[in-house]
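Here's the structure, in structure tokens; my notes come after.
The values are calculated or read from the model by the stated rules, or taken from the named source; none is laboratory data. Since the structure is predicted, the reported quantities are computational estimates derived from the model, not experimental observations. Neighbour counts run over all protein chains shown; Cβ positions are idealised from the backbone, glycine included. The protein model used for the area step is the full one, side chains on, heavy atoms only, and it has no ligands, DNA or RNA in it. Shrake-Rupley method; radii C 1.70, N 1.55, O 1.52, S 1.80 Å.
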Amino acid sequence: MQKNGFSPRLGWGLMLGVLFLGQGCDPEPSHLAVLTSLAPAAAPTATLQRQAPDELFGELFRRVQMERVFADGKTFVDMIPKAEPSEIMGAYAAAKDLPGFNLKAFVEQYFAPPAQPESGFVSDSTRDIADHINALWPYLTRRAGADEGAAGSLIPLPNDYVVPGGRFREVYYWDSYFTLLGLQTAGRNDLVRDMVENFAFLIDKVGHVPNGNRTYYLTRSQPPFFALMVEVLAEIEGEEVYAEFMPQLISEHQYWMQGAADLTPKQRASNHSVLLGDGSILNRYYDAGDRPRAESYREDVLTIRESGRDSQLVARHLRSGAESGWDYSARWFADGENIASIVTTDILPPDLNSLLWKLEQVISEHHPDETTATKYTRLASKRAAAIDKFLWNPLSRYYEDYNWTTGQHTGYLTLAGTYPFFVGLAPQEYVETVGNRLSKDFLGPGGLRTSLQRTGQQWDAPNGWPPLQWMAYKGMLDYGRIALALEIKNRWMKNNQRVYANVQKMVEKYNVEDISLLAGGGEYPVQDGFGWSNGVYLRMTAE
């Protein structure tokens, strides 16, 4: 598919290769997977290596974040540098010790505010929710090639893409699957293809789909929904879509399984893979970085200090929790209460492993080579057996996180336990007890609680999140718990409608217990926009 006279797979690969090349310097170890393609002779000279803001701006970055120049740590890392980093850092070195130096004034002199794609949208109280959502799509869309300079953190993409909204000014991996459901329902098939092509492009050029298209997200991915995105596009365009994106489906699987073949009883874990006692392999969330997140630097530094633990270890647990999309929840905390006890990489989660089973299934069902298809059929079968053995708890009769370092289930029940039903992995006989648990313990007046724990974290009670409502609804529907599925759907949609009637906005998460209140918790205020809320609501209207 060509746009503006060039192939996005070639032309943009060359352009992005230029942006990531350094001036005679080696790439950071955390970025070794990023872009080795060279520019053609006629291309402009490379500017600066595409590094993250904490790498580029060092002491200036740390001061801005720790002194809380901006209330939200994500603001500075999304700002657009007005000069090259060397010039900015030179000016900072010359000015920082002068009497009357004003850090915020300096930043505002050398950095432009973050771009806001949705600026200019005005809510109209006469619109119903569906009309509001459909009017929002253009305002949440960033254009192909959108760039903020080689020193900016935004990674340009070859096609248009939809961002969630609010502080989330870039594309996000797992958010986008649920956004695609809304785009498909709205008949925006052009944007569905654009988004799938963008993620294929990132797999080709980065080696995986990053958390988002920002340099500070390159060390991690997010829940792997690419196979499900391809499935959506195949529903629109036909089965040939699987062949088109098969190379990227294979590459995605290779990324998540990197190092698995070398695991031994003495070296049980490598990257995302963990070897279990019976020889089976399951996966965990794992960020390659081990320093505080650039976008939440101050929060991570304070958590590390509170923990009294090894700083690199805690930083990796925090970053890996962000890779899960559940940042944060009691499910990652050793004590079930305090983020300082976080142990994300010790946990084997049912959500991630269900999605990887789905990826293996899609490859096995659609790969044209019989030998390769059979290989992935075996992998899926082994994973299904391991999920049943290690992630299904026969005592709680529910899918639970499993701590591979202790050999025990964590005991924290969450909606991650519904993923095996959403992807079609769970045995039919499990749906009765899981459905009963959802109805009895998780279902509130406004939808399903994310977990049964109350920690003040945003991925715990009393909050409900659109993607989890959709997957629980769809899983129960597909397994025959129709009345429960419809109750989940109806309560969730009425909650959305209530909030919209009050504020004329769709928000990223909702309070499902006290429907007179907005949701809370987390590292930032409730955001409006909002990509996956829009997508799930629109899709539910069509069900």
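Observations
- Residue-normalised accessible area of region 271-381, given per residue in Å² at a 1.4 Å probe: 33
- Contact order relative to length of the chain, as percent, for alpha carbon pairs under 8 angstrom and 6 or more apart: 13
- Accessible area of region 405-494 divided out per residue, in Å², using a probe of 1.4 angstrom: 34
- With contacts taken as Cα pairs under 8 Å and at least 6 residues apart, region 64-142 reaches a relative contact order of 32 percent.
- For region 134-277, relative contact order (Cα pairs under 8 Å, six or more residues apart, normalised by length) works out to 18 percent.
- Sparse packing (at most 14 other Cβ atoms within 10 Å of the Cβ) combined with a DSSP loop state is found for the following trypsin sites (Lys or Arg not before Pro) in region 423-527: Arg454.
- Apportionment of accessible area to carbon and sulfur, the chain, percent (1.4 Å): 50
- When Val536, Val503 are compared by accessible surface with a 1.4 Å probe, the order from highest to lowest is Val503, Val536.
- A simple packing score, the average count of other Cβ atoms within 10 Å per residue, orders the peptides 92-100, 122-130 as 122-130, 92-100, with the highest score first.
- Taking a ≥ b ≥ c as the square roots of the Cα gyration tensor eigenvalues, region 289-368 comes out prolate, since a/c reaches at least 1.5 and a/b is larger than b/c.
- With all protein chains in place and ligands, DNA and RNA left out, the 1.4 Å accessible area ranks Ile339, Ile155 as Ile339, Ile155, largest first.
- Dipole moment magnitude, nearest 20 debye, region 313-404 about Cα centre, only Lys, Arg, Asp, Glu C-beta charged: 220
- With Cα atoms defining each centre, region 395-426 and region 120-174 are spaced 34 Å apart in the structure.
- Residue pairs, from the table Lys474/Lys509; Lys382/Lys489; Lys266/Lys389; Lys74/Lys440; Lys205/Lys358; Lys389/Lys509, whose Cα atoms sit over 30 Å apart: Lys382/Lys489; Lys74/Lys440; Lys389/Lys509
- Cα gyration tensor category, rounded, prolate or oblate, for region 102-238 with a/c compared to 1.5: oblate
- In the context of the full protein assembly, Asp335 retains an accessible surface of approximately 80 Å², using a probe radius of 1.4 Å and ignoring ligands and nucleic acids.
- Between 0 and 90 degrees, the angle of helix 226-237 with respect to the longest Cα principal axis of the chain falls at about 80 degrees.
- Think of it as helices only: each DSSP H run of n ≥ 4 in the chain is worth -39500 (n - 2.57), and spread over all residues that comes to -13500 deg cm²/dmol at 222 nm.
- The angle between the Cα long axis of helix 53-66 and the longest principal axis of the Cα atoms of the chain comes to about 80 degrees, rounded to the nearest 10.
- Net charge in the neighbourhood of Arg491 (other residues with Cβ under 14 Å of its Cβ; Lys, Arg +1, Asp, Glu -1) is +1.
- Degrees, to the nearest 10: 350-366 long Cα axis against longest axis of the chain: 90
- Tensor-based shape of region 387-528 (alpha-carbon gyration tensor, a/c under 1.5 rounded, otherwise prolate or oblate): oblate
- Stokes-Einstein diffusion coefficient of region 239-300, Kirkwood radius over Cα pairs, 25 °C, 0.890 mPa s, in µm²/s: 175
- The largest accessible area among Glu231, Glu67, Glu244, Glu429 belongs to the first residue in Glu429, Glu67, Glu244, Glu231, and the rest follow in falling order (1.4 Å probe, all chains).
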